[in-house]
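Worksheet for the structure shown next.
The values are calculated or read from the model by the stated rules, or taken from the named source; none is laboratory data. Quick caveat: nothing in here was measured; it's all calculated off a predicted structure. FYI the Cβ positions are ideal-geometry reconstructions off the backbone, even for glycines, and counts take in every protein chain you see.
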Amino acid sequence: MHSLRANLQALLLALLATPALCLAADDASFAKLVQQIGAAVESDRAMQTMRRVWETDRWFTFPKFRETAEYLKAAMTAAGLRDVELLEAPADGVTRAGFWTMPLAWDVKHARLEVVTPDPSPEFRLLADYQTIPTSLGMWSGPTPPEGVTAEVIELQRASDLERLDVKGKLVVTAQDPAGFKWLLARKGALGAINAFTENRDLRDGRQWINAWGDNGWAFIKGSVPLLCFSISPRQSDYLRGLLRKGPVRLKATVDSRYYAGGYPLVTALLPGASPEEEVLTLGHTSEQGAHDNATGVAAMVESLTTLNRLIESGKLARPRRGIRILTMPEVYGSLYYAQTYPDRIRRTVAAMCVDTPAAPYELAGTEYTLYMNPHVAKSYTDALVLRVADAWVSRLQP
């Protein structure tokens, strides 16, 4: 992860917490402050944090999410932040946060998908193995009996074709993301889906990550149907379609997964300000499979607060008037639960910044750093601040 991401994050947080620094400072003083904070970020440490978060989150189970949270709690404590808390939102498939229903917790021990007939090429016999590639299995996939289940596979060109196809008890391979019509697969009695959708077919061995498997929206809740869900690569999907053109194909699926009432972990900590009345918030989601989405965002936030706290404690940077709070949580579900559970903290929060998938080679032409500002009905000093900091730091790279 290039140091730019954590640098920019640290700069924005420091200046959100002390607006007078950016509004009153002349260009030279402002540039000096930007350089001081940006140069203090340790990008190697941010990379280590990113790798550690990814190593557990990539398994995409609730026990592994808890491991990630325990690590982040320890990292924030070691960084000298205050009031470090590991919280848990209910993951019971029933509790509401805002207008959203919290998901059921989910765990998986192993999962495989194999070609049974016709006799496959050895290279393509095993289509999916969760222990080797966790993205082989969609999150919240249902289980099979211990001995597995063998079923016919049928190709689906368009979701609308489901109304006329007999898919009962069959596995459906589709080039569309099956999460978007999982409810219809359930209604038609399908055994499950094999995702062949990809955002980039040039990644011939890549597998699209499926993290939505509910019947009425994103997450799997009580009442959702536990269908199977696998994900295969473009190379495998081409092979499977070639078999289907020649005749019937049967696959064997074996999945050891379970749903249960558990917890969705959140971690929060505070870099205290000179006054306790107001805070700024940086938040970003854990519980995702990608190193980019969103282990990089979490690492940038942790490194930002670590850097700022080190500069403050050493006397090199004045303590900001406002406290700076960090929140790592499941996307949407975690932030809704936090806002609903801690309204007093939200009332103290005068500005917030979400850090989602921030890593890319921004020093290269053709790439961009996307900053989403406030809607016109809620304009804030943060809009001017974001532009000023970006101009002072990012423009040095001349992309």
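Residues in the range 118-164 that are in a loop (DSSP other than H, G, I, E, B), in contact with a strand residue (DSSP E or B) (Cβ under 7 Å, 6 or more places away or on another chain) and surrounded by 13 or more Cβ atoms within 10 Å (Cβ to Cβ): Y130, Q131, G138, M139, W140, S141, G142, P143, T144, G148.
Close contacts from the range 72-96, counting a first residue that is in a strand (DSSP E or B) and a second that is of a type in the set (D, E, K, R) and surrounded by 14 or more Cβ atoms within 10 Å (Cβ to Cβ), with Cβ to Cβ under 6 Å and a gap of 6+ residues or different chains, come to V84/K73; L86/K73.
Hey, can you tell me all the residues within the range 334-356 that are of a type in the set (D, E) and modelled with pLDDT of 95 or more? Within the range 334-356, D344 is the sole residue that qualifies.
Summed over the range 7-44, residues that are modelled with pLDDT under 70 and among the hydrophobic types (A, V, I, L, M, F, W, C) total 6.
Does A179 meet the test of being surrounded by 17 or more Cβ atoms within 10 Å (Cβ to Cβ) and at pLDDT 95 or above? For A179, the condition - surrounded by 17 or more Cβ atoms within 10 Å (Cβ to Cβ) and at pLDDT 95 or above - is met.
In this structure, A392 does not satisfy being hydrophobic (A, V, I, L, M, F, W, C) and free of Cβ contacts under 8 Å to residues at least 40 places away in the same chain.
When you check P320 against the structure, is it modelled with pLDDT of 90 or more, buried (at least 17 other Cβ atoms within 10 Å of the Cβ) and not in a helix (DSSP H, G or I), yes or no?
On the way: modelled with pLDDT of 90 or more: yes; buried (at least 17 other Cβ atoms within 10 Å of the Cβ): yes; not in a helix (DSSP H, G or I): yes.
Yes; evaluated as a whole, the condition is true for this residue.
Checking each residue in the range 216-243 for being within 15 Å of R187 (Cα to Cα), at pLDDT 95 or above and not small (G, A, S) picks out V225, P226, L227, L228.
Among the listed residues T61, T49, T56, identify the single one that is under 18 Å from L305 (Cα atoms), touching an Asp or Glu at 6+ places or on another chain (Cβ under 8 Å), modelled with pLDDT of 95 or more and of a type outside the set (D, E, K, R). Steps first, answer last, please.
Numbers: T61 fails: under 18 Å from L305 (Cα atoms); T56 fails: under 18 Å from L305 (Cα atoms).
The match here is T49.
If you go through the range 208-223 and keep only what is surrounded by fewer than 23 Cβ atoms within 10 Å (Cβ to Cβ) and either out of contact with any strand residue (DSSP E or B) (no Cβ under 6 Å at 6 or more places or on another chain) or within 16 Å of L126 (Cα to Cα) (or both), you end up with W209, N211, A212, G214, D215, N216, G217, W218, K222, G223.
If I filter the range 376-397 for residues that are within 14 Å of the chain's Cα centre (by Cα), at pLDDT 90 or above, more than 20 Å from Y71 (Cβ to Cβ) and β-branched (V, I, T), do I get at least one hit? Explain how you work it out, then say what you get.
Filtering the range 376-397 down to residues within 14 Å of the chain's Cα centre (by Cα) leaves none.
Scanning the range 376-397 turns up no residue that is within 14 Å of the chain's Cα centre (by Cα), at pLDDT 90 or above, more than 20 Å from Y71 (Cβ to Cβ) and β-branched (V, I, T).
Candidates E114, E55: the one that is among the charged types (D, E, K, R), out of contact with any helix residue (DSSP H, G or I) (no Cβ under 7 Å at 6 or more places or on another chain) and part of a helix (DSSP H, G or I) is E55. Of all residues in the range 68-106, those satisfying the criterion of being touching a Ser or Thr at 6+ places or on another chain (Cβ under 6 Å), surrounded by 16 or more Cβ atoms within 10 Å (Cβ to Cβ) and not small (G, A, S) are T68, L72, V84, M102. Restricted to the range 240-255, and to residues there that are touching an Asp or Glu at 6+ places or on another chain (Cβ under 8 Å) and either of a type outside the set (A, V, I, L, M) or outside the structural domain of F197 (by TED's automatic domain parsing) (or both), the residue that is surrounded by the most Cβ atoms within 10 Å (Cβ to Cβ) is T254.
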